[in-house]
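Chemist: One structure, as C-alpha cells, below. Some questions next.
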Amino acid sequence: MLCFALYGKGGIGKSTTSANVALALAESGLKVMLVGCDPKADSTKLLRSGKTVETVLDLLRSHHRSALPLERMVTEGTGGVLLVEAGGPRPGVGCAGRGIIAAFEALKARRAFEIYRPDVVIFDVLGDVVCGGFAMPIREGWAKNVFIVTSGESMALYAASNIAEAVDTFAERGYAKLGGLVLNRRDVPEEREQVEAVAARLKTRIVGDLPRSELVQAADVRGEAVLVTAPESDMAESYRKLAQSILAICRENARAGLVGEGRKAFGIIPETESDFI
Ligand code: ADP
Ligand code: SF4
Ligand code: MG
C-alpha cells in the first residue's frame, strides 16, 4: 500500500487535483482510497456527483463509538474510488489537526485498511496555517510522501515553502519525504520560472504541470471530475500524467525503505514486499 498527501494553500486546487488523480489511478487498475482532511469536507464530492459524504468526526459525534460501523465512514464513489472525509472540529473548539488524527484512528480501529486493502491512499490536506495541526498526518506517520500543489502566486508559494519546511523537520526522523511540487497554473507572468526557482530553493522538483482550463470549472459545476466530463481532453491527460509521476516517486521511495512508519500508522503488517507495490 502506498500513501501520499497533496498539501497546499486553500483554494489552490488540491481537491480537484486529488479527485482526478484518484480516478486516473483507479483507471489504471489500482484500488484507491481518497481521504479528505480539510474541515471544508468537499474533497470527495467530485467523485460523488457533487454530493458530500458524512464526515468521520460528525459520525463520531453523533453515535456511540462502538456502535458506529466502518461502512458508514467509507463510501464508494466514481470508478470504485473509496471516499472518506475526516471532517473538522466545531468552529472555535478543538484542533483541526487532532481531529484528523482522531478520524484516522477511528478508521484504523475498525481495520479499514486491512478490510478494504487499498493499493493507494491519498490524503488531501489543507496547509494554509503555520501550526503543528496541519503537519499531524506527517508527524503521526500517515502521509509518507508529500506533494505540494502551488501556482506561481506569492501566497501559494509562501504556503508551499512552509509546508516543505515542516516536511523537512520530520524527514530527518524518517517520517515523510517531499515528493515535489505540482504546478496548478493561474497564468501569472513567468509562472513556471517562479515555481522552478522555489523548487530549486527547496531542493525539490516540479512533478506535474497542470494548465488552467475552463474544463475544470465546467466539470466542477457538474460535480464531476474532468476525467468523467472530458475523458479525451488534454486536461484529463495532464491529470493522468501527474498520477503516473506521483506513483513512480512513491514506488521509488517505498523501494528506498521510506514506508516503515506509514505501515505502523495504518496498523498493517505486510505479508510480502509486494504489499508496498
Ligand atoms: P482546494 O481543495 O485547494 O481548496 P479546489 O480543488 O476546491 O481547491 O479548487 C478551487 C477552485 O479552483 C475550484 O473552483 C476548481 O474548479 C478551480 N480549479 C482548480 N484547478 C484548476 C485548473 N487547473 N484550472 C481551472 N480551475 C481550476
Ligand atoms: Fe488549529 Fe493548528 Fe492550533 Fe490545531 S494547532 S488548533 S489546527 S491552529
Ligand atoms: Mg479542498
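Chemist: Pairs of Cα atoms under 8 Å, at least six residues apart: use those to get the relative contact order of the stretch 127-182, whole percent. The partial results should precede the final answer.
Modeler: Values: 62 pairs, mean separation 25.3, N = 56.
Result for the stretch 127-182 is 45 percent.
Chemist: Please state the shape class of the stretch 104-235: rounded when a/c is under 1.5, otherwise prolate if a/b exceeds b/c and oblate if not, all from the C-alpha gyration tensor.
Modeler: oblate
Chemist: For Leu2, which sequence-distant residues (separation of 5 or more, or a different chain) have an amide H within less than 5 Å of its own amide H, given hydrogens modelled in the peptide plane?
Modeler: Correct list: Val120, Val121.
Chemist: Given the C-alpha atoms of the chain, compute the convex hull and give its volume per residue in Å³.
Modeler: Working: hull volume 32.3 nm³, N = 277.
Output value, Cα hull per residue: 117 Å³.
Chemist: Does the stretch 9-74 come out rounded, prolate or oblate by the C-alpha gyration tensor, with a ≥ b ≥ c the root eigenvalues, rounded set by a/c under 1.5 and, if not, prolate when a/b is larger than b/c and oblate if not?
Modeler: Oblate, since a/c reaches 1.5 and b/c is not below a/b.
Chemist: Additional query: Hey, can you grab everything whose amide H is under 5 Å from the amide H of Asn184? Only 5+ residues off in sequence or another chain; H modelled, so Pro and N-termini drop out.
Modeler: Thr150, Ser151, Leu210
Chemist: Return the sequence-ordered ³J(HN,Hα) values of the stretch 100-114 in whole Hz as given by the Karplus equation 6.51 cos²θ - 1.76 cosθ + 1.60 applied to θ = phi - 60°, using x for Gly and Pro.
Modeler: 4, 5, 4, 5, 4, 4, 5, 5, 5, 4, 9, 6, 4, 6, 7
Chemist: Show me 30-39, 47-56 ranked by packing, highest mean number of other Cβ atoms within 10 Å first.
Modeler: So the order, starting with the most tightly packed, is 30-39, 47-56.
Chemist: Considering only DSSP beta bridges with both partners in the chain, what is the antiparallel share in %, to the nearest 5?
Modeler: In the chain, DSSP labels about 5 percent of beta bridges as antiparallel.
Chemist: Tell me, what HN-Hα J-couplings in whole Hz come from the Karplus equation 6.51 cos²θ - 1.76 cosθ + 1.60 at θ = phi - 60° for each residue of the stretch 178-187, using x for Gly and Pro?
Modeler: Running phi through 6.51 cos²θ - 1.76 cosθ + 1.60 with θ = phi - 60° gives 6, x, x, 9, 9, 7, 10, 5, 10, 6 Hz.
Just so you know, all these numbers are worked out from the coordinates, no wet-lab data involved. This is a predicted model, so every value here is computed, not measured. Virtual Cβ from ideal backbone geometry, glycine too; neighbours counted across all protein chains shown.
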